[in-house]
Every structure is written in structure tokens, then in C-alpha cells.
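Encoded as C-alpha cells, the structure appears first; notes follow it.
FYI, it's all coordinate maths here, none of it is from the lab. Everything numeric in this text was worked out from a predicted model, so none of it was measured. Cβ: placed from backbone, ideal geometry, glycine included. Neighbour counts: every protein chain shown.
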Amino acid sequence: MKTNQKTQVKKQRTTNGKTKTTQLNLFYQPHQLKNERLIEGIWNAAHGALWPHQDFSSKEKEEFKNLIVLHLFKRKSTTQAFIELVERICLAKRYVSRKRGRYISKPQDWLNIYYPLGLAGTEGWLERVKEVRADVPDYNKGIKIFANGILKYTETPSQQVFHKYRRQLMNEKQFDLLQIFNNTIINLQYNN
């Protein structure tokens with residue numbers, strides 16, 4: 001069997017003497033495994049930023065990840081979509097932090113692609129940031145560093161990646177994002 005084949009055929013004899021063929025999925029396709037990691041990264045970034053003091057059941061987490069899938073796969077490039085979604089999560093966190101009384105709704109609403117006051121509504125915010133970045137390249141540089149750090153750690157988790165982006169956030173004095181970065185990395189490393 002070739003290593004790039006992702007299924008194996010298993011033949012069994014049934015009680016009536018006929019052969020039954022069952023296809024077993026032994027391995028994920030490389031893009032499937034990458035996509036799962038990206039979804040996990042987005043969820044952990046959102047959880048760490050927006051609902052850090054809440055615990056969710058495995059079933060709830062799966063529901064939330066399924067909502068993230070709809071956001072992630074409506075774009076051609078999943079890597080670019082990942083960065084944009086994580087930046088939008090940071091923008092939402094900062095929006096809520098700026099004024100007392102603002103809050104983020106529960107994850108099942110906020111992550112819903114049809115909920116205009118949730119993640120879907122932050123698309124315009126990021127577009128405005130990109131417009132300003134065209135003239136001022138370092139505008140909101142911290143959220144870009146954060147998103148790239150989470151992406152790199154999601155792709156290749158290592159101490160070197162963690163320390164590189166942690167140091168960059170500290171150099172930019174992005175201490176709010178540094179805390180979220182640390183929480184996200186801990187969740188990626190230790191949550192199942």
C-alpha cells in the first residue's frame with residue numbers, strides 16, 4: 001500500500017459465504033489535517049480572547065468549530081482566511097475592552113455566519129484596517145503579529161515559534177494580545 005493512499009480495503013467473509021468489502025479510512029488527507037488544525041487554532045484564539053473564563057463541553061466545542069468552518073471555507077485560501085478571522089477576533093476583543101458595558105454574545109450566536117453582530121459583522125472592520133494599512137503599513141501591527149503567530153504555531157508547534165512571536169508582541173508593547181496569545185498556545189498545547 002502506498003503511503004499517500006488514505007484508505008485501505010478490508011475483505012471479510014459473511015455468513016452466506018460472500019465476500020464483503022469495507023473501506024477503512026486510515027489516514028487523513030494532508031489538507032484535511034491542516035484544516036482541522038486551522039479550525040482548532042481559530043477556536044482557541046476566539047475562546048482565549050472572548051470567553052476565557054468559560055468552560056465548554058466537547059459537544060459545544062464541536063458545534064462552535066462547525067460554525068467556524070462556514071467562515072473559513074467561504075474563501076479560496078484557508079490560510080489567508082485564518083489570518084483574517086483571527087485578526088477580526090482581536091478587533092472584537094479590543095472593541096469590547098474599550099468601553100464598559102460592551103459584551104460579546106454567546107459563542108453559538110457570535111460565531112454564526114448569519115449573525116450580523118458577531119464574527120460576520122467584523123468583516124467591515126478588517127476592511128477598514130486594511131485600507132489604513134495601505135497608507136500606514138504598521139497600523140494595528142499587533143493583531144497581524146498575533147494572527148501570524150497563531151498560524152505558525154498551529155502549523156508547527158514548537159518553543160521557537162512560541163518565543164519568536166511572544167517576543168515580537170512584547171517588543172510592540174501589545175500586552176493585551178500577549179495574554180491572549182499565551183492562553184491560546186496553552187489551549188492548543190494541552191486541550192483535547
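Across all directions, the shadow cast by the convex hull of the range 79-160 built on its C-alpha atoms averages 6.7 square nanometres. Partner aspartates and glutamates whose Cα lies under 20 Å from the Cα of K141, excluding those fewer than 8 positions away in the same chain, are identified as E84, E87, E123, E127, E131, E172, D176. Note on the range 169-192 and the range 71-95: Cα centroid distance 17 Å, given to the nearest whole angstrom. From least to most packed, judged by other beta carbons within 10 angstrom and beginning with the fewest, K74, K106 follow the order K74, K106.
When you count the other C-beta atoms within 10 angstrom of each residue and take the mean per peptide, 54-67, 159-172, 77-90 line up highest first as 77-90, 159-172, 54-67. Treating r as the C-beta distance of E127 and W51 and R0 as 25 Å, the FRET efficiency rounds to 0.50. Each principal axis of the Cα cloud of the range 29-190 was evaluated for its coordinate range; sorted largest first, these ranges are 40, 37, 33 Å.
Apply the a/c threshold of 1.5 to the C-alpha gyration tensor of the range 32-126 and tell me whether it is rounded, prolate or oblate. If you can, show how the numbers build up before the last one.
Values: a/c = 1.75, a/b = 1.26, b/c = 1.39.
Cα axes put the range 32-126 in the oblate bin.
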